[in-house]
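The values are calculated or read from the model by the stated rules, or taken from the named source; none is laboratory data. Since the model is a prediction, treat every value here as computed from it, not as a measurement. We place every Cβ from the backbone using ideal geometry, glycine too, and count neighbours over all the protein chains shown. Areas reflect the complete protein model, heavy atoms only, side chains present, ligands, DNA and RNA absent. Shrake-Rupley method; radii C 1.70, N 1.55, O 1.52, S 1.80 Å.
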Amino acid sequence: MSGPPRLVLAMAIALALSGCAAPSWMPIVGKAKAPEAPPPAPPRSEFRAPILSRPAPPTDGESVVDRVICVVNSDAVTLYELDEAEAYILYENKQQPLAGEERVALREKVLAGIIEKRLQLQQAEREKIAVEDAEMKAEVDEIQKKLGAKTDAEFESMVKAQGLSVEGVKKRLREQLLVERIKRRKVNLRVSVTEEDIDQYLNANREKLETGLSFEARHILFLPTAGAGEDGWQAARRRAEDVYTRVMGGEDFGELARDFSDDSATAKNGGRLGILKRGELAPDIEKAILRLSPGEHSSPFRSEVGYHLFELDSKETLAGEQLAQARNQIRDILYKQKYDVRLNEWLVEIRSKAIIEMRL
């Protein structure tokens with residue numbers, strides 16, 4: 001049986017297990033909905049692609065590929081398992097078969113993933129972690145449902161049609177559940193995020209977290225005289241300072257914009273820039289505006305265009321529901337960071353204690 005059809009079942013098993021790990025991060029943009037919690041990406045050397053079951057051995061005339069290429073403690077890894085895992089990775093990423101050094105590099109990474117999975121299974125066995133028959137039945141029923149099989153007999157027929165056995169599928173499914181459970185014990189349950197952690201992240205990244213929030217502002221623009229060089233810029237600054245004095249004396253900003261602004265597009269509207277999203281204006285101009293509180297005015301500000309006076313009408317901030325949503329997303333970001341660190345530490349630890357013999 002060819003590789004890709006068999007992988008349909010592999011993908012169904014992967015979907016059935018998609019809720020077994022830690023949450024991961026989604027970008028925080030304005031009023032985005034609270035993130036779902038997909039499992040975190042495994043470290044680079046760990047591959048989650050399930051190796052389901054060995055198909056029938058090669059027929060006469062085919063080269064023998066089911067030889068041992070690696071021994072992890074006392075557990076053998078065969079060449080056929082490596083080939084099958086490589087095929088799944090290519091299929092999952094919609095890649096054509098690789099050759100030369102690229103293929104060598106891919107196979108090294110795939111083999112590293114197989115070895116790590118074996119080490120985790122061995123750890124689960126040592127700690128007597130088990131999967132009950134009732135749980136296995138529920139998982140298999142879910143896969144059967146995803147494949148559209150109405151009866152056990154139909155499911156078995158579909159599995160056999162892909163060159164597999166139901167028992168083989170159950171074995172690989174059980175292995176995946178064991179891996180997830182040992183990781184929960186050794187990694188998930190040893191990771192925590194405190195409110196103080198969230199506060200620190202929020203304070204250090206507030207500007208980034210507020211990207212996409214809106215604000216309303218006005219400006220009065222004073223353009224330097226064309227061709228006058230620095231003298232033209234100084235004349236524009238003096239005009240800006242004169243109008244700024246009138247603003248601070250209580251005169252209406254909108255009326256002054258109509259009378260003095262060189263920005264014809266906004267002057268007639270009292271200098272209104274409209275409703276803006278953070279990130280839309282030039283960074284230096286946006287920073288000058290957002291450092292103001294609503295109702296405040298800036299002193300003359302020089303940009304690449306000319307001198308500006310700004311008035312901030314309103315701005316959204318992280319507060320109430322938006323702040324609660326941001327804190328939840330920060331919790332996910334920090335959890336993922338700590339999870340990845342702890343997972344890598346644990347994998348390094350169990351590998352350092354293992355005896356791994358390469359026979360390639």
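Evaluate segment 87-149: find the radius of gyration of its Cα atoms, find its Kirkwood radius, and give the ratio Rg to Rh.
That ratio is 1.14, to two decimals.
At Thr225 and Glu280, where each label point lies 7 Å from the Cα along Cα→Cβ, what is the point-to-point distance in nanometres?
The answer from the label model is 3.5 nm.
Gln96 versus Val71, label points 7 Å from Cα toward the beta carbon: distance in nm?
Going from the Gln96 label point to the Val71 one covers 4.0 nm.
I'd like the carbon and sulfur percentage of the solvent accessible area for segment 182-304, probe radius 1.4 Å, heavy atoms only, ligands and nucleic acids excluded.
47
Taking N as the number of residues in segment 244-288, what value does Rg over Cα atoms divided by 2.2 N^0.38 Å take?
Rounded to two decimals, the normalised Rg is 1.29.
Report, to one decimal in Å, the Kirkwood hydrodynamic radius for segment 167-211 based on all distinct Cα pairs.
13.7
Please state the Cα pair-distance histogram of segment 197-302 with 10 angstrom bins from zero: what percent is in each bin?
Percent of pairs per bin, in order: 13, 39, 31, 13, 4, 0.
Quick one: what are the phi-derived ³J(HN,Hα) couplings along segment 106-116, Karplus 6.51/-1.76/1.60 with θ = phi - 60°, whole Hz, x for glycine and proline?
Using θ = phi - 60°, the values come out as 5, 5, 5, 5, 5, 5, 4, x, 4, 4, 5 Hz.
Quick one: 3J(HN,Hα) in Hz for segment 226-243, Karplus 6.51/-1.76/1.60 with θ = phi - 60°, rounded, Gly and Pro as x.
Calculated HN-Hα couplings, in order: 4, x, 8, x, 5, 4, x, 5, 5, 5, 5, 5, 5, 4, 4, 5, 4, 5 Hz.
Excluding same-chain residues fewer than 8 positions from Lys208, which lysines have a Cα within less than 30 Å of its Cα?
Cα-Cα hits under 30 Å: Lys31, Lys33, Lys277, Lys287, Lys315, Lys336, Lys338.
How much length is gained on full extension from Asp259 to Arg103, taking 0.36 nm per residue of separation minus their Cα-Cα distance?
So the chain would gain 49.1 nm between Asp259 and Arg103.
Once you place label points 7 Å from the Cα toward the Cβ at Ser299 and Asp141, how far apart are they in nm?
7.3
Summarise the long-distance tail of P(r) for segment 269-316 by giving the % of C-alpha pairs beyond 15 Å.
The calculated P(r) of segment 269-316 puts 42 percent of pairs beyond 15 Å.
Using θ = phi - 60° and the Karplus curve 6.51 cos²θ - 1.76 cosθ + 1.60, what whole-Hz ³J(HN,Hα) does each residue of segment 323-337 get, with Gly and Pro shown as x?
Running phi through 6.51 cos²θ - 1.76 cosθ + 1.60 with θ = phi - 60° gives 5, 4, 5, 4, 5, 5, 5, 5, 4, 5, 4, 5, 4, 4, 4 Hz.
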